[in-house]
Amino acid sequence: MKNTTLSLILVLLVSACSHKTDGSATSSSIQFSIAASDVSAAVVLTPAGSTTAAVVDVHFSSSKAAEFRKFTEAHLNQQVQILVGTSVVAEPVIRAAITGGKVQLHFATREEAQAVADSLTKK
């Protein structure tokens, strides 16, 4: 559990620092797509002390969690793109396999985060 939490923190830190601004996917990048049918919950959180930034806490379905674990195991120490629909929402470097079935996506504004959470909760 401690190892999973540390892995998630590392991926999230990297994703926050490498957020792509134009939001378009390039076909030569390693990509992992997330759709509304892949998640059991997507909740917007505001980090302590932040007045603008927000996080979307994404909980995968069991099948998508297994797919994400395999994806992160296969792409250790590689930069990947996380897509919601056709938009790139993060470009983390995978430092460890993520086995917990959850990921946090960081955004500069609450509005961006809410738009992504809304798209992930439409079934």
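Annotations for the structure displayed:
- Environment charge of residue 54, counting only residues whose C-beta is closer than 15 Å and scoring Lys/Arg +1, Asp/Glu -1: -3
- Rolling a 1.4 Å probe across all protein chains gives residue 106 an accessible area of roughly 50 Å².
- Each residue of the stretch 95-104 is assigned a 3J(HN,Hα), and the resulting list reads 9, 7, 4, 9, 10, x, x, 9, 8, 10 Hz, derived from the Karplus form 6.51 cos²θ - 1.76 cosθ + 1.60 (θ = phi - 60°), x at Gly and Pro.
- The 3J(HN,Hα) values that the Karplus relation (6.51, -1.76, 1.60; θ = phi - 60°) gives for the stretch 106-111 are, in residue order, 9, 9, 6, 10, 5, 5 Hz. Gly and Pro appear as x.
The values are calculated or read from the model by the stated rules, or taken from the named source; none is laboratory data. The shown structure was predicted, so the numbers you read here are calculated from the model rather than taken from an experiment. Because the Cβ atoms are built from the backbone with ideal geometry, glycine has one as well, and the counts that use them run over all protein chains shown. Surface areas here come from the heavy atoms of the whole protein model, side chains and all, with no ligands, DNA or RNA. Shrake-Rupley method; radii C 1.70, N 1.55, O 1.52, S 1.80 Å.
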